[in-house]
Amino acid sequence: MKTYENTGSKDTRSGFGAGLTELGQTNENVVALCADLIGSLKMDDFKANHPERFFQAGIAEANMIGMAAGLTIGGKIPFTGTFANFSTGRVYDQIRQSVAYSGKNVKICASHAGLTLGEDGATHQILEDIGLMKMLPGMTVINTCDYNQTKAATIAIADYNGPVYLRFGRPKVPNFTPADQKFEIGKALNLTEGGDVTIVATGHLVWEALEAAKTLNEQGISAEVIDIHTIKPLDAKAIINSVAKTKCIVTAEEHNHLGGLGESVARVLAQHSPTPQEFVATNDTFGESGTPAQLMEKYGLNANAIVNACLKVLKRK
């Protein structure tokens, strides 16, 4: 079984900051907008090096989205930055009307997503943003798993013409994907080969899926782990090919089981290859205050929960 090394825990929001810094040096059309959270979004370097291309919108997220949409008309590539809750729920009307409806080339970059926001609590821990954004026609939805992948994705979306929602997080998590990777929108990554059960994971749950696969391997169960960094467009072929071997699947995400990755996968399976599926996700609930580790344990979003889901789905073959 192929194993992955944690080269040092880093927060994915810093991967976004590093990618934005590189874009500032290589693409003069890239501009950045922030809603009073420069430090939290790691946009400090871009602002310091390119003040003429940085716009502080203040605590006025709806206005920020409108400004970003307008900047695209002049050929600029705007990257907006704030917390995931404020990037989506607070400004959904502006995104729908000013960005998605007209296909504006805006990159909506959202930090502090999911339960791992931690102590800030339920009002900030949005768990429905993927569902909100993937339902918008023409919106690409990306949810990265570590620092390196987030940096690569940030750089890659600048070359993609169209609206993008890029979701990442606050806490330090294992950094295990290659530093020199080429990020390909819509292309799933097969991390481990297996024949007994497929684990499809996104975001912070990818590392947990790899840890679960190691535990299952010790029990004589061969798990195939697939990193779905792009939830829309979804790599249906990768999913169909995997379940053709394993005959069962577990989806894992730091999001509500309603409207997230799991439901997108279920749609693919229903259309092409009906397959037993178990969901590792929050169960139609808001979060609460606590450390990221405490919350992931309580809400069943970790390697142990994935192992249990795999054992359950294997019995349904």
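The values are calculated or read from the model by the stated rules, or taken from the named source; none is laboratory data. Everything numeric in this text was worked out from a predicted model, so none of it was measured. Glycine gets a Cβ as well: all are built from the backbone with ideal geometry, and neighbour counts include every protein chain shown.
Here are a few things to note about the model shown:
- Any hit, segment 300-314, residues being touching a Lys or Arg at 6+ places or on another chain (Cβ under 8 Å) and either buried (at least 22 other Cβ atoms within 10 Å of the Cβ) or in contact (Cβ under 8 Å) with a residue 60 or more places away in the chain (or both): no
- Of all the residues in segment 265-284, those that are under 20 Å from Glu208 (Cα atoms) and among the small types (Gly, Ala, Ser) number 1.
- Annotation: Val200 fulfils all but one of (1) touching a residue at least 24 places away in the same chain (Cβ under 8 Å); (2) in contact with a helix residue (DSSP H, G or I) (Cβ under 9 Å, 6 or more places away or on another chain); (3) assigned to a loop (DSSP other than H, G, I, E, B); the unmet one is (3).
- The criterion of being assigned by TED's automatic domain parsing to the domain that holds Ala18, in contact (Cβ under 8 Å) with a residue 40 or more places away in the chain and surrounded by fewer than 18 Cβ atoms within 10 Å (Cβ to Cβ) holds for Asp120.
- Restricting Glu211, Glu224, Glu278, Glu254 to residues that are of a type in the set (Asp, Glu), in contact (Cβ under 8 Å) with a residue 12 or more places away in the chain and outside any strand (DSSP E or B) narrows the list to Glu211.
- Counting only helices (runs of 4 or more DSSP H) that sit completely within segment 1-94, those holding 1 or more residues that are closer than 21 Å to Gln125 by Cβ and of a type in the set (Lys, Arg) correspond to 12-26.
- Residue in segment 94-107 that is on the phi < 0 side of the Ramachandran plot, touching an Asp or Glu at 6+ places or on another chain (Cβ under 6 Å) and crowded, with 23+ Cβ neighbours inside 10 Å present: no
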